[in-house]
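Structure first, then comments.
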Amino acid sequence: MRKAILAAMTAVLASVATPALAADELVTTRTGNVPYILTTQSPASPRYAVILMPGGQGILNPRIESGKLVFAFGGNFLIRSRGLFADPRFVAASTDATTSPDRILAIVQDLQARYGPQLQVYVVGTSRSTDSTRALSGPLDGKVAGFVHTSSMNAISGLSTRGAKSRHLIVWHRSDPCRATKPSASAAMASSNGIDWVEMTGGTSVGEDCEARSHHGYNGIERETVDRIKAWIAKGG
């Protein structure tokens, strides 16, 4: 009897301790024919969605080959962390980096058609794709819930968010070694605009300074970084 009780308790604890796995699905928007990877955790009744754009050349190019989903930039911080964003409250949409408001709005409309107009959508960039979040912040102001700029290009220091309707968060790693994404530029932008910011520390830095496995890409602290981004998003309502 005791063994049966212990076995049942162990099964319950295991189910609590082990989160459900996130699943990927290739989606093409109804308008604009924009492909993206939809990552969800079942059951999904989300309140928030994040549109993730990789850095570098930014061309994810998701597609089905031989019955399997394939795409580029799988090692990029945001793309490799897409499953960490997905939970019962959040879904993630991974797509090519872009400065086209219409392309992003096609994904927003597709997500809201799927989950309801109350879905709050945030656009997230990292490294070179923060050039995209910076460019989109004007034409999409008030049309998306907010923007998250991580490991931002130095030009982010010139972005003004004063009077913006959409929320903005800027995230950096204190020891980011990449010359193109200096933490001081992100800190200056946060200070000049009075917006929320997150400074990460720790992890392991390997490889090239501006690549995804250095501190630039939050290597080893992906979950902690994603959790802080999600907490900020949820704090907005």
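Bear in mind these aren't lab numbers, they're just calculated from the coordinates by the rules spelled out. Everything numeric here is computed off the predicted structure, so don't read it as measured data. As a convention, Cβ positions derive from the backbone with ideal geometry for all residues, glycine included, and neighbour counts pool all protein chains shown.
Brief remarks follow.
- 0 to 90° range, to nearest 10: angle between helix 101-115 axis and the chain longest Cα axis: 20
- Angle in degrees between helix 222-235 and the longest Cα principal axis of the chain, rounded to the nearest 10: 80
- Fully extending the segment from S42 to S160 would add 38.6 nm, taking 0.36 nm per residue of separation and subtracting the current Cα-Cα distance.
- For region 24-235, the number of Lys pairs separated by eight or more positions or lying on different chains, with C-alpha atoms closer than 29 Å, is 8.
- Gained length - R30 relative to T201, 0.36 nm times residue gap less alpha-carbon distance: 57.5 nm
- Net charge, I156 excluded, C-beta distance under 9 Å - Lys, Arg +1, Asp, Glu -1: 0
- Rounded to the nearest 10 degrees, the inclination of helix 2-17 to the longest alpha-carbon principal axis of the chain is 10 degrees.
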